[in-house]
Every structure is written in C-alpha cells, then in structure tokens.
Amino acid sequence: MNKNKKFKIISKKEINMVWREEWKKDINSNPKAFWGQRLFLEGYLVFKKYISEKAGQIILDIGSGTGRYGVKFAQDFPNSKVIISDILEESLVIGRKLADYLGVKNAQFQKEDVLKMSFPDNHFDVIFCDVLIQHIPNYEAAMSEMKRVLKPGGRIIVSAVNYWNPHTLYKFFLKLRGKGYEYNYEKSFKKKELRKLFEDFNLEVVGEDGFYFAYGLFRLKKYYDKFFRFLGGACNRIVTKFIDPVTNRFVSRFFGFEIFIVGEKKKDDDQYKIKVKNSGIVKLQFYNDFPDGNLVIAESLKSVPFEIKRIYFVNSLHNQEAIRGKHAHKKLEQYIFCINGKFTLSLDDGTVKQKIRLDSPYYGVRLGPELWHTMIEFSPDCVILVFAGDYYNESDYIRDYDEFLKYIKNNRNDII
C-alpha cells in the first residue's frame with residue numbers, strides 16, 4: 001500500500017495489512033517495554049475505574065492490538081475471565097507473550113472479527129474496545145455486534161482518538177504535505193458523535209472520560225522535534241499536576257488524545273424482548289463482506305417459519321411524523337424487518353402494549369394474528385420489508401381499533 005496516497009476509506013483487507021505489519025514490529029519486543037509506555041500508563045487507570053471488581057465477570061477486550069489492556073485486566077481482576085481477541089493472529093502472539101510475562105492464567109486468546117463475532121447473544125459482563133472503531137468505516141455495524149454479545153446490565157467502554165486534540169492538526173499537516181497517515185484510515189471522533197452512537201443503540205451512557213492531552217503534541221515532533229518534545233512534556237506536567245486536579249480532569253476529559261464513553265445495556269428495555277402475545281423474533285443469516293456490502297438471507301419455511309406468499313416494502317419515508325400500519329389481521333402471519341435506517345414498531349395485543357426500535361437488517365419481528373401494529377418515527381433513509389404468509393385479502397384486515405378490541409374479546413385465539 002502506498003502511504004503517500006491521500007487519506008481515504010480503504011478495504012478491510014488493506015486495514016488488516018497495515019496493522020499486521022505494525023504488530024510484526026512488536027512481536028519480538030521485550031514484554032517489559034509495553035508497560036512503561038506513557039499512553040498506556042495514562043490510560044489504564046482511567047479505564048480501570050469504570051470496571052466493577054465483582055467476581056465471576058466475563059470481560060471481552062475486542063480489537064486488542066498488543067493485548068496489554070486485556071492482560072492487565074486479567075492480572076488485576078483475577079476472579080474474572082478475560083477473553084482477549086483480535087482479527088489478526090500477529091496481535092494475539094504479542095498478547096500471549098505479555099500474559100506469560102505477567103503469569104496470568106485467567107486470560108483466553110481468541111481470533112475474532114468485531115463485525116461478526118462467534119460469541120452468543122448476551123454473553124459478556126464487560127466489553128472493552130480501545131481505539132478500534134476509528135479504523136472501521138462502518139463502525140455502526142461493530143457497535144451493533146458488540147451490543148448483541150453484551151449482557152443486559154453489562155457495561156461497554158468504547159474509545160477513539162479525539163477530534164479536539166492537536167493530533168487532528170498533525171493529520172492536517174500530513175495532508176498539506178501530500179503524505180498519508182501512517183495507519184491510513186482513521187476517523188477522529190468528537191465526544192458528541194461517540195455519545196450519539198451509544199444513544200442510537202439504546203445504551204445508557206453512564207460515563208464519559210479521556211486522557212493524555214499531550215500525546216497529540218508529541219506526535220507533532222516530526223515537524224519540530226525539540227520544540228514539540230518540550231511543549232508536550234511541559235503541557236503534560238501542567239495538565240496532570242495542576243489543571244486536572246482542580247477541574248475534575250476537564251482538559252483530559254474533553255481534549256485528551258483519547259476520549260471514551262461508558263454505556264450500559266438496559267436490563268428492562270431489551271431491544272428485542274417481546275412482551276405482547278402472538279409475536280416473536282426471527283434472526284436471519286448475516287454475512288459481512290465489507291467493503292463489498294452485506295449479505296442477508298431469508299429462507300421460506302426455514303429462517304422464516306411459514307411459506308412466503310407475498311413480499312412488500314416501504315421506502316421514501318421522508319415524513320418523520322408519518323404513521324403507518326394502524327391495523328390488525330384476523331389470521332395473517334407476517335414478519336417485518338428494517339433493512340435500512342430505523343423506525344419504531346408499536347405492538348398492542350389488546351392487553352399489553354410495547355414499542356420496539358428496529359434498526360438491524362437481520363432481526364425481524366413477528367406480526368401474528370390479532371395484533372394491532374403501527375410504525376412511527378422513521379429515519380429518512382428507512383426501508384421496511386415485510387414477508388407475509390398469505391396473499392392480500394381485505395376481509396382479513398381490522399382497521400378500526402375499537403373493532404379490534406371487540407374482535408379479540410370475542411375471538412381470542414391466544415396463539416403464542
């Protein structure tokens with residue numbers, strides 16, 4: 001790969017190639033050297049305070065890089081199981097060496113792709129993801145997958161390089177000189193972007209932090225070595241010793257080289273937990289072929305548990321105040337999917353009401369008989385796809401809510 005090319009979005013294969021070469025440089029390094037690096041020393045204690053010390057936790061370090069954070073967590077939380085994973089074997093080789101060096105026995109190393117992990121749903125108590133999503137152009141897909149494997153009530157920590165740090169100036173200077181960034185693709189995040197990512201996935205934000213403002217200045221030493229080394233060192237001492245202690249770490253939290261958000265998966269608001277009767281969830285097969293698209297497969301009488309006789313879709317939902325649906329069926333079975341964007345599905349079985357935010361192309365909700373449903377709060381890019389188990393039949397529709405309540409009172413089938 002030509003590093004003199006201008007900054008651009010590249011393929012997963014190219015991203016992996018960049019980091020494979022990076023980790024090859026570190027494979028034969030002295031393990032002791034990894035613990036003394038200032039970026040790690042500044043960051044570890046900040047991250048650690050957001051992880052509970054309760055015994056029996058399962059902690060995932062995804063996109064572990066050198067693995068030093070995960071290995072150190074394993075050492076400091078000896079009664080927890082820590083799974084350290086990365087898409088590259090070269091990364092895991094380094095992590096295993098560090099684990100052997102510290103003598104930790106509760107760390108497990110596993111090759112995983114954050115966009116398509118092998119772990120079951122609701123598996124981890126803590127997910128730690130340090131400066132990974134910034135290298136993934138479709139980072140929303142990574143967030144969706146991390147939420148999937150996080151337990152309700154579990155905690156997720158996601159960090160990224162900070163847009164409001166001198167590091168952004170460093171990348172700007174590289175661009176002016178016609179040089180590419182050494183790690184090629186990297187998105188710098190603003191705090192509000194990270195926070196919105198958590199909110200979009202219905203994760204409760206319980207913490208925001210950051211650290212090591214001066215690291216972005218040290219990177220500028222490529223231009224004026226002595227000046228930026230001096231400035232970086234001076235700023236680091238001033239910020240950490242004088243400003244942060246009396247301002248609740250204001251500079252580090254908002255202008256640190258790394259910023260991060262801590263979120264929790266809500267216990268009582270599981271996105272796909274069905275409470276109404278005559279409904280349920282189907283999950284379709286999903287293959288991520290980034291950057292060449294995603295493949296989602298639905299098979300009649302297999303992943304969709306009936307013979308599909310009708311397919312329809314709804315798009316061009318630019319009116320975000322629109323209300324669609326507003327009816328029930330007497331006998332019809334359907335599954336509804338949001339294959340692009342997001343919307344809110346409201347379900348009502350006559351006794352229990354529920355709202356579900358659909359934002360995944362491979363999770364579908366069953367619209368069984370005698371279930372009143374409406375669709376609201378559409379994103380402009382929303383596309384809704386529905387599989388129906390029978391042909392269109394107007395006599396099967398109940399379009400008046402009072403008539404619906406009367407019908408289910410007299411004809412309740414209680415099909416679960």
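We did not get these values from a lab; they are worked out from the coordinates using the rules stated. Computed from a prediction, not measured in an experiment: that's the story for all the values here. Quick reminder, even Gly has a Cβ in these numbers, built from the backbone with ideal geometry, and neighbours come from all protein chains shown.
Things to note:
- In segment 32-128, the GluC sites (Glu not before Pro) that fall in loop regions by DSSP, at most 11 other Cβ within 10 Å: Glu53
- Spacing of the modelled spin labels on Asp402 and Phe254, each 7 Å from Cα toward Cβ, amounts to 5.6 nm.
- Taking the DSSP beta bridges with both ends in the chain, the antiparallel portion is around 75 percent.
- Cross-link table Lys190/Lys226; Lys190/Lys241; Lys151/Lys273, entries beyond 18 Å C-alpha to C-alpha: Lys190/Lys226; Lys190/Lys241
- If the chain linking Thr247 and Ala55 were pulled fully straight, counting 0.36 nm for each residue of separation and taking away their Cα-Cα distance, it would gain 65.8 nm.
- Contour minus Cα-Cα distance for Lys275 and Gln110 (0.36 nm per residue): 55.8 nm
- Trp35/Asn122 FRET efficiency (R0 35 Å; Cβ-Cβ; nearest 0.05): 0.55
- Using alpha carbons only, the radius of gyration of segment 193-245 set against its Kirkwood radius gives Rg/Rh = 1.22.
- Calculated FRET efficiency, Lys330 to Glu140, Cβ-Cβ distance, R0 = 51 Å: about 0.85 to the nearest 0.05.
- Axis of helix 38-48 versus longest Cα principal axis of the chain: the two differ by about 40°, to the nearest ten degrees.
- Cα centroid separation, segment 199-225 to segment 72-126: 24 Å.
- Shown in residue order for segment 128-138 are the 3J(HN,Hα) couplings computed by the Karplus curve 6.51 cos²θ - 1.76 cosθ + 1.60 at θ = phi - 60°: 10, 9, 9, 6, 9, 5, 5, 9, 10, x, 9 Hz (x for Gly and Pro).
- Dividing the helix sum by the residues of the chain, where each DSSP H run of 4 or more adds -39500 (n - 2.57), gives a mean residue ellipticity at 222 nm of -8500 deg cm²/dmol.
- With the alpha-carbon atoms of segment 281-411 aligned to their principal axes, the span from lowest to highest coordinate is 52, 35, 25 Å, starting with the largest.
- Kirkwood-based shape ratio for segment 203-308, expressed as Rg/Rh from alpha carbons: 1.31
- Glu89 paired with Leu295, simple spin-label distance in nm, labels 7 Å along Cα-to-beta-carbon: 2.4 nm
- Global geometry of segment 12-265, whether rounded, prolate or oblate, following the gyration tensor of its Cα atoms and the 1.5 cut on a/c: rounded
- Label-point separation, Ser188 to Glu22 (7 Å along Cα→Cβ), nm: 1.6 nm
- Listed cross-link partners Lys54/Lys147; Lys25/Lys221; Lys25/Lys187; Lys116/Lys267; Lys97/Lys222; Lys147/Lys355 are compared with a 26 Å cut-off, the Cα-Cα value being larger for Lys97/Lys222.
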